[in-house]
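Reading through the structure tokens given below for one structure.
The values are calculated or read from the model by the stated rules, or taken from the named source; none is laboratory data. As the structure is a computational prediction, the values presented were derived from the model and not from experiment. Cβ sites come from the backbone with ideal geometry, for glycine too, and all protein chains shown count toward neighbours.
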Amino acid sequence: MKIFLLFSLIAVSFGYELNKTYAGDTFLDGFYFFHQKDPNHGTVQYVDAEIARILGLTTVVNGKVKISVDSTNAYPDDGRPSVRIHSHDRYNDGLFIFDIDHMPVGPGTWPAFWFCGDSWPANGEIDVLEGIYGKTENNQALHTTDNCTMPLDASIFKGHWTKGPQGKITNDCYVNAPGQGGSGCSITSENGLFGIPFNAAGGGVFAFEWIRESSMKIWIFKRGNPNPDNWGKPEAYYTIGPLCPANHFNDHEIIINCNLCGDWAGGAYPGGWDACNEIVRNNPAAFNETYWLINSLKYYSL
Ligand SMILES: *[C@@H]1O[C@H](CO)[C@@H](O)[C@H](O)[C@H]1NC(C)=O
Ligand SMILES: *[C@@H]1O[C@H](CO)[C@@H](O)[C@H](O)[C@H]1NC(C)=O
Ligand SMILES: *[C@@H]1O[C@H](CO)[C@@H](O)[C@H](O)[C@H]1NC(C)=O
């Protein structure tokens, strides 16, 4: 709570005002449920609001929003039920504070808190929180059409440029940039800010500041060691300007989901995609920690 007040004070000192709070019993009112086939080939069934409620995947516990993957049933012939929600409101800038006690972990998991426009990649994608099973670093990324590159200077942020398949630094946000394996412009955070160590610290805060014509910055504070008086360098800093004009990112919905296996988490799973499918389909108990526990998501506007 104290941390949170300080965040608010700092936000105000930069001229931001609290515009919208997603929290508690009304959290889900701000979102719709995506329940189509997973575009990333996951072993997952994204369910609608009613099925999510019946399966107990969306609950409010002591005022905190809990969004889970089914950890009760086996699905030998299908994907495991999970939730993917998109905000009704669309955003083009602002300061977003995602305060969570827990993010989904477990075999084959691929959780994300991200922003995306229509007609991908024409209106862009911004991945604020993303990673897979076993990772302890957060993977920030932008995905765009051609002509959106980042200055190589990595001294302006705490993370580091993710290396592509041939060791190439991935500073080109274009989804088909050569030598990047579809990574977009991808920044790996410091260690400990994703997955099990993040949860063990009691969670924390992902702060995303989107200043339309100049920058996108992502800070991550674990609950145990926030230093809100001095936000310092962000984990990720993307420069918007002549080399990557602002019009690559338009009318974004906020998306929260937990995929299972699929293009990233399936291929990277120990034993491969088949082993991933096997545990996801047949071992519900392995997913008892596969849930978000969300204190709030706050949007500040200028
Ligand atoms: C809240 O944000 C919306 C969308 O960014 C903006 O149009 C509106 O003016 C803001 N409201 C206030 C009270 O700042
Ligand atoms: C990117 O820039 C090149 C060179 O200016 C141009 O030919 C191309 O049409 C641009 N691509 C897009 C998607 O705007
Ligand atoms: C999940 O199961 C593991 C192994 O049985 C157990 O150690 C852990 O406490 C369980 N977590 C929850 C949230 O029930």
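Of the residues making up the stretch 139-177, those that are charged (D, E, K, R) and out of contact with any Ser or Thr (no Cβ under 6 Å at 6 or more places or on another chain) are Asp146, Asp153, Lys158, Lys163, Lys168.
Exactly one residue out of Ile126, Ile132 is of a type in the set (A, V, I, L, M) and in a loop (DSSP other than H, G, I, E, B), and it is Ile132. Residues of the stretch 83-127 that are under 15 Å from the mean Cα position of the chain (by Cα), farther than 19 Å from Asn247 by Cα and more than 16 Å from ligand 3 (Cβ to nearest atom): Val83, Arg84, Ile85, His86, Ser87, Phe96, Ile97, Phe98, Asp99, Trp110, Ala112, Phe113.
Exactly one residue among Ile211, Ile240 is out of contact with any helix residue (DSSP H, G or I) (no Cβ under 8 Å at 6 or more places or on another chain) and of a type in the set (Val, Ile, Thr), and that residue is Ile211. Determine whether Asn147 is polar (S, T, N, Q), away from ligand 2 (no atom under 16 Å from the Cβ) and either at pLDDT 95 or above or surrounded by 20 or more Cβ atoms within 10 Å (Cβ to Cβ) (or both). Taking the combined requirement at face value, the residue does not satisfy it. Put simply, of Val60, Val12, Val65 the only residue that is within 20 Å of the chain's Cα centre (by Cα) and either among the hydrophobic types (A, V, I, L, M, F, W, C) or at pLDDT 95 or above (or both) is Val65. Of all residues in the stretch 245-294, those satisfying the criterion of being more than 16 Å from ligand 1 (Cβ to nearest atom), in a strand (DSSP E or B) and in contact with a Leu (Cβ under 9 Å, 6 or more places away or on another chain) are Ile256, Tyr291. Return yes or no: is Leu297 within 16 Å of ligand 1 (Cβ to nearest atom), part of a strand (DSSP E or B) and surrounded by 21 or more Cβ atoms within 10 Å (Cβ to Cβ)? Yes.
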